[in-house]
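K.L.:
What follows is a structure written as structure tokens; I'll ask about it next.
The values are calculated or read from the model by the stated rules, or taken from the named source; none is laboratory data. Keep in mind it's a predicted model, so treat the numbers as computed, not measured. Methodologically, a virtual Cβ is constructed for each residue, glycine included, from the backbone with ideal geometry; neighbour enumeration extends over all protein chains shown.
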């Protein structure tokens with residue numbers, strides 16, 4: 001009996017070691033320490049992801065064409081995302097305002113089987129989203145950027161530098177009067193598009209947790 | 001006779017025939033439609049307003065509480081929710097004769113999810129204490145009616161915003177005695193951070209080394225740290241550094257912008273199966 005249990009344990013341990021070993025070699029981006037995450041002021045990590053129509057998008061191809069890029073971490077099941085796409089048109093209005101100068105990309109890092117996975121096409125139709133939603137189900141790009149919430153917003157300038165990371169606005173509870181609400185991304189985009197430095201480059205993101213695989 | 005018995009049996013066995021005839025829905029399949037997240041969330045939180053004492057004394061002080069029973073698997077959030085989530089919040093309404101002090105929140109739990117996301121949450125049950133003072137001008141015998149409009153975010157894997165209105169009429173009397181819910185108040189008090197000098201009284205100390213805060217509590221078996229939210233002081237790496245075996249915690253801080261106000265948090269000390277919670281309230285490091 002003891003021999004059998006030891007054998008089973010050894011087998012499980014070997015399998016676990018193999019699984020860990022395999023995941024280290026095959027994961028496109030390791031969820032490493034702070035040093036591997038995108039930093040405001042530094043070059044934004046490049047990536048290629050496929051959207052809901054099977055089309056590939058590479059960050060550097062947009063900045064290379066002189067586009068400012070906004071990344072919007074997205075999960076159609078999250079009440080904070082619903083608020084900004086249903087109660088308000090926060091994201092689509094901003095994306096439309098800067099069309100031509102700013103490429104707006106939503107990224108869904110929900111793992112398969114977790115909330116938000118597979119909900120994008122329906123969300124795009126229901127919420128009139130004209131920009132692509134990129135699928136990051138293994139969470140590689142999310143980990144590279146340190147995306148923690150949906151929404152979590154990042155702005156990359158035409159030189160490929162990360163110039164903003166944080167919340168969409170200063171009102172997690174949706175309690176502030178319109179006069180007191182500050183849309184950090186709108187202000188930052190005004191500044192970036194005008195070639196000026198971003199005055200408030202990092203704010204606290206809020207939302208549901210990104211539903212990572214690991 | 002046999003024919004009648006067969007008919008009767010058939011009819012009894014065909015109970016559904018009657019209900020169909022009556023126009024009722026009869027589910028042949030055994031499984032019910034799955035409950036939606038919103039339906040489950042609506043049932044997941046039961047909130048009440050309670051009083052620690054059976055009555056309030058005009059001219060005296062007492063404690064009332066917002067108490068929450070949370071269904072298994074679900075959680076609510078501390079005033080600093082952490083990386084995601086939203087704190088419990090409320091709007092309070094009571095008579096002019098009642099003064100409400102600053103809310104006392106029990107220490108939360110650390111909740112870590114995939115992707116290194118750290119939240120500060122409550123599960124099962126939590127009571128937020130509200131110290132109150134009743135003016136001596138409040139007429140004796142006239143009940144104190146209080147109401148609160150509550151909002152929260154309750155989460156399992158997914159989150160659903162929720163809320164409710166709760167109210168309570170508390171009698172007034174010349175003397176008082178423990179209320180029916182004193183156990184809840186005791187449980188909450190056991191997790192309240194004690195005032196900032198209590199850490200020193202347990203032999204502990206807090207000091208800055210550059211922008212790293214070192215908490216030292218000789219004799220502790222393990223420590224944990226729960227930071228208060230701050231606009232200018234962000235603790236880093238709290239998944240690894242916010243909890244430690246032994247008697248020392250080192251918390252690296254990133255300080256941005258104008259760092260005028262104090263940096264606060266709760267230190268939890270574990271020793272010999274017991275727990276203590278101390279408020280840490282320090283000035284930012286001098287630079």
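K.L.:
Please pick out the residue among B:87, B:95, B:81 that is at pLDDT 60 or above and farther than 29 Å from residue A:204 by Cβ.
P.N.:
One residue alone meets the criteria, B:95.
K.L.:
I'd like the full set of residues that are touching a residue at least 24 places away in the same chain (Cβ under 8 Å), surrounded by fewer than 19 Cβ atoms within 10 Å (Cβ to Cβ) and not in a loop (DSSP other than H, G, I, E, B), limited to segment B:190-206.
P.N.:
Of everything in segment B:190-206, those that are touching a residue at least 24 places away in the same chain (Cβ under 8 Å), surrounded by fewer than 19 Cβ atoms within 10 Å (Cβ to Cβ) and not in a loop (DSSP other than H, G, I, E, B) turn out to be B:194, B:198.
K.L.:
Could you list, in sequence order, all residues of segment B:147-177 that are over 16 Å from the mean Cα position of the chain (by Cα), surrounded by fewer than 18 Cβ atoms within 10 Å (Cβ to Cβ) and more than 16 Å from residue B:49 (Cβ to Cβ)?
P.N.:
Across segment B:147-177, the qualifying residues are B:157, B:173, B:174, B:175, B:177.
K.L.:
Tell me, please, whether a residue that is crowded, with 23+ Cβ neighbours inside 10 Å, within 30 Å of residue A:112 (Cα to Cα) and within 11 Å of another protein chain (Cβ to nearest Cβ) can be found in segment A:152-168.
P.N.:
There is at least one residue in segment A:152-168 that is crowded, with 23+ Cβ neighbours inside 10 Å, within 30 Å of residue A:112 (Cα to Cα) and within 11 Å of another protein chain (Cβ to nearest Cβ).
K.L.:
Based on what the data block shows, is residue A:146 out of contact with any helix residue (DSSP H, G or I) (no Cβ under 7 Å at 6 or more places or on another chain) and over 25 Å from residue A:52 (Cβ atoms)? Show your work before the answer.
P.N.:
Values: out of contact with any helix residue (DSSP H, G or I) (no Cβ under 7 Å at 6 or more places or on another chain): yes; over 25 Å from residue A:52 (Cβ atoms): no.
No: the conditions fail for residue A:146.
K.L.:
Could I ask something else about it? Please name all residue pairs, on different chains or six or more residues apart, with Cβ atoms under 6 Å, provided the first residue is in segment A:43-70 and is surrounded by fewer than 17 Cβ atoms within 10 Å (Cβ to Cβ) and the second residue is part of a loop (DSSP other than H, G, I, E, B).
P.N.:
Hits for this filter: A:43/A:160; A:60/A:46; A:66/A:158.
K.L.:
Something else now. For residues that are surrounded by 13 or more Cβ atoms within 10 Å (Cβ to Cβ) and within 14 Å of chain A (Cβ to nearest Cβ), tally how many sit in segment B:87-100.
P.N.:
Going through segment B:87-100 one residue at a time, the tally reaches 4.
K.L.:
Which of the residues belonging to segment A:194-203 are crowded, with 16+ Cβ neighbours inside 10 Å and more than 8 Å from chain B (Cβ to nearest Cβ)? Steps first, answer last, please.
P.N.:
Filtering segment A:194-203 down to residues crowded, with 16+ Cβ neighbours inside 10 Å leaves A:198, A:201-203.
Answer for segment A:194-203, where residues must be crowded, with 16+ Cβ neighbours inside 10 Å and more than 8 Å from chain B (Cβ to nearest Cβ): A:198, A:201, A:203.
K.L.:
Please find, among B:111, B:136, B:142, B:84, the residue that is in a loop (DSSP other than H, G, I, E, B) and within 14 Å of another protein chain (Cβ to nearest Cβ). Lay out the reasoning, then the answer.
P.N.:
Values: B:111 fails: in a loop (DSSP other than H, G, I, E, B); B:136 fails: within 14 Å of another protein chain (Cβ to nearest Cβ); B:142 fails: within 14 Å of another protein chain (Cβ to nearest Cβ).
Selected residue: B:84, the only one of B:111, B:136, B:142, B:84 that is in a loop (DSSP other than H, G, I, E, B) and within 14 Å of another protein chain (Cβ to nearest Cβ).
K.L.:
I've got another one for you. State all residues of segment A:102-135 that are more than 14 Å from chain B (Cβ to nearest Cβ), without any contact (Cβ under 8 Å) to a residue 40 or more places away in the chain and either in a strand (DSSP E or B) or within 9 Å of the chain's Cα centre (by Cα) (or both); if no residue qualifies, say none.
P.N.:
If the condition is that a residue be more than 14 Å from chain B (Cβ to nearest Cβ), without any contact (Cβ under 8 Å) to a residue 40 or more places away in the chain and either in a strand (DSSP E or B) or within 9 Å of the chain's Cα centre (by Cα) (or both), then A:104, A:106 are the ones that fit.
K.L.:
Let me ask you something else. Checking residue A:138 against (1) in contact with a strand residue (DSSP E or B) (Cβ under 8 Å, 6 or more places away or on another chain); (2) under 20 Å from residue A:115 (Cα atoms); (3) surrounded by fewer than 22 Cβ atoms within 10 Å (Cβ to Cβ); (4) within 14 Å of chain B (Cβ to nearest Cβ), which test does it fail?
P.N.:
Every condition holds for residue A:138 apart from (1).
K.L.:
Would you point out the residue of segment A:75-101, among those that are in a loop (DSSP other than H, G, I, E, B) and crowded, with 20+ Cβ neighbours inside 10 Å, that is farthest from the other protein chains (Cβ to nearest Cβ)? Before the answer, list the steps.
P.N.:
Going through segment A:75-101, the residues in a loop (DSSP other than H, G, I, E, B) turn out to be A:75-78, A:88-89, A:98-101.
Going one step further and asking which of them are crowded, with 20+ Cβ neighbours inside 10 Å, we end up with A:75-78.
Working: A:75: 9, A:76: 11, A:77: 6, A:78: 7 Å.
Top of the filtered list is A:76.
K.L.:
Limited to segment B:207-261, what total is found for residues that are within 24 Å of residue B:78 (Cα to Cα), outside any strand (DSSP E or B) and within 14 Å of chain A (Cβ to nearest Cβ)?
P.N.:
11
K.L.:
Evaluate segment A:175-184: report whether one residue or more is away from every other protein chain (no Cβ under 12 Å), touching a helix residue (DSSP H, G or I) at 6+ places or on another chain (Cβ under 9 Å), in contact (Cβ under 8 Å) with a residue 40 or more places away in the chain and not in a loop (DSSP other than H, G, I, E, B). Outline the logic, then answer.
P.N.:
Initial filter on segment A:175-184 (away from every other protein chain (no Cβ under 12 Å)): A:176-184.
Imposing the further condition that a residue be touching a helix residue (DSSP H, G or I) at 6+ places or on another chain (Cβ under 9 Å) reduces the set to A:183.
With the extra rule that they be in contact (Cβ under 8 Å) with a residue 40 or more places away in the chain, the set shrinks to A:183.
Now narrow it down to the ones that are not in a loop (DSSP other than H, G, I, E, B): A:183.
Yes, some residue in segment A:175-184 is away from every other protein chain (no Cβ under 12 Å), touching a helix residue (DSSP H, G or I) at 6+ places or on another chain (Cβ under 9 Å), in contact (Cβ under 8 Å) with a residue 40 or more places away in the chain and not in a loop (DSSP other than H, G, I, E, B).
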